[in-house]
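One structure is given here, and the rest of the page talks about it.
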Amino acid sequence: MTGSRRRGRRRPWGAYAVVATGAVLTVVPFLDMLLTSFKGPGEFGKLPFRFLPQAFDLSNYRTALHQLNLPLLFRNSVVATVVITGSTLVTSALAGYALAKLRFPGRELVFRLVLSTMMFPPFLFFVPHFLILVHWPGAGGNDLLGRGGAGLTVSIAALVMPFLVSGFGIFLMRQFMLSLPDDMLEAARLDGAGEFTVWWRIVLPQTKPVAVTLTLLTFVNAWNEYIWALLVSTANPRLMTLPVGIQMLQSYLDPDRMVPVMMAGLVLSVLPVLLLFLLLQKHYLRGVLLSGLK
């Protein structure tokens, strides 16, 4: 009996070790980025390697702020991220509800088409998207046939157009809404509620955990988007976002100071994402747990 009790009380040290190792591998690169942002000229890449800077200096942050047009870059990133996140939440909630709770011909075919969009890397469609924006009728000097101008590539709409709808978001919302009882929705319809009222008053309040999860995932992806923002900024440098601007620092800096200043810029760009995660951490973890249980 004593031996069985001891075996039952054994702690899963192997699992603890795996979790601790994963935590270290996750945190150390972030700490290295943070500490490198305080290193002086010539410290980075110097042997033997020093994890801590010789003196914590804020000059790298001042240089990054001086070289970057931070208000413009921050505005572009915020506007693009907020619009993409809001549009993804609305379209995913509406389409997810339709695919989960409404009956109409071709519903399964539409759902399979949505799933198929998740099988291709997003950058595969960047060139077609760019050509569509270039030839957008009546915009940027184009005529009604989409010729003669730059289209939407010179407006801030170019930063958000390819990301307004998310196949993953629709799939996530649909899978969560399938678990909602149909009897509750039918009772609301019998009481005279329309489909929009059912969606707004009954379904949406219950999807808060998964909606927060989708918000964080979409926000991070939109905030860190680099390839599309770089492509758009070649047509109009005024559309440059924070990730593109930080990468462009290499063109203006002395090689001895380049990496620490870039790290300082990265720290500044990470702060909004980190703050949002800390504010929504509880809801995010709950949404991930519910999605896993489903």
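The values are calculated or read from the model by the stated rules, or taken from the named source; none is laboratory data. Here the structure is a predicted model, which is why all the values come from computation and not from measurement. So basically every Cβ, Gly included, is an ideal-geometry build from the backbone, and we count neighbours across all protein chains shown.
Of note:
- Looking across the range 61-100, the residues that are in contact with a helix residue (DSSP H, G or I) (Cβ under 6 Å, 6 or more places away or on another chain) and either β-branched (Val, Ile, Thr) or assigned to a loop (DSSP other than H, G, I, E, B) (or both) come down to 63, 68, 81, 83, 84, 85, 88.
- Check on residue 158, modelled with pLDDT of 90 or more and either surrounded by 19 or more Cβ atoms within 10 Å (Cβ to Cβ) or assigned to a loop (DSSP other than H, G, I, E, B) (or both): yes
- Inspection of the range 135-148 finds no residue satisfying the criterion of being in contact (Cβ under 8 Å) with a residue 60 or more places away in the chain and at negative phi.
- Residue check, residue 183 assigned to a loop (DSSP other than H, G, I, E, B) and among the acidic types (Asp, Glu): no
- Any hit, the range 212-233, residues being over 25 Å from the mean Cα position of the chain (by Cα) and in contact (Cβ under 8 Å) with a residue 60 or more places away in the chain: no
- Selection of the range 180-197 for residues being surrounded by 12 or more Cβ atoms within 10 Å (Cβ to Cβ) and either of a type in the set (A, V, I, L, M) or in contact (Cβ under 8 Å) with a residue 12 or more places away in the chain (or both) yields 180, 184, 185, 187, 188, 193, 195.
- Cβ pairs under 8 Å, 6+ apart, first in the range 157-171 and aliphatic (A, V, I, L, M), second outside any helix (DSSP H, G or I): 158/236; 159/241
- Qualifying residue in the range 46-54 (condition: more than 30 Å from residue 237 (Cα to Cα), crowded, with 16+ Cβ neighbours inside 10 Å, touching a Phe, Trp or Tyr at 6+ places or on another chain (Cβ under 9 Å) and not assigned by TED's automatic domain parsing to the domain that holds residue 242): yes
- Qualifying residue in the range 200-211 (condition: over 21 Å from the mean Cα position of the chain (by Cα), in the same structural domain as residue 99 (by TED's automatic domain parsing) and part of a loop (DSSP other than H, G, I, E, B)): no
- Residue match in the range 251-258 (condition: in contact with a Ser or Thr (Cβ under 8 Å, 6 or more places away or on another chain), in a helix (DSSP H, G or I) and not small (Gly, Ala, Ser)): yes
- Residue that is nearest to residue 264 (Cα to Cα) [pool: residues in the range 24-60 that are aromatic (Phe, Trp, Tyr) and assigned to a loop (DSSP other than H, G, I, E, B)]: 38
- Scope the range 75-103; condition in contact with a Ser or Thr (Cβ under 9 Å, 6 or more places away or on another chain) and either closer than 30 Å to residue 260 by Cα or modelled with pLDDT under 85 (or both); matching residues: 76, 77, 80, 81
- Within the set 90, 83, 114, 127, the sole residue that is surrounded by fewer than 19 Cβ atoms within 10 Å (Cβ to Cβ) and within 30 Å of residue 182 (Cα to Cα) turns out to be 90.
- Test: residue in the range 207-221 that is within 28 Å of residue 135 (Cα to Cα), buried (at least 16 other Cβ atoms within 10 Å of the Cβ) and not β-branched (Val, Ile, Thr): yes
- Total residues in the range 223-245, condition modelled with pLDDT of 85 or more and in a helix (DSSP H, G or I): 16
- Residue-level analysis places residue 174 outside the set of residues that are over 26 Å from residue 123 (Cβ atoms) and not β-branched (Val, Ile, Thr).
- Residue within the range 248-255 that is of a type in the set (Gly, Ala, Ser), loosely packed, with under 15 Cβ neighbours inside 10 Å and on the phi > 0 side of the Ramachandran plot present: no
- Remark: pairs (first residue in the range 29-40, under 14 Å from residue 54 (Cβ atoms); second residue assigned to a loop (DSSP other than H, G, I, E, B) and of a type in the set (A, V, I, L, M, F, W, C); Cβ separation under 7 Å; 6+ apart in sequence or on different chains) = 35/51; 35/52; 36/44; 38/56; 40/55.
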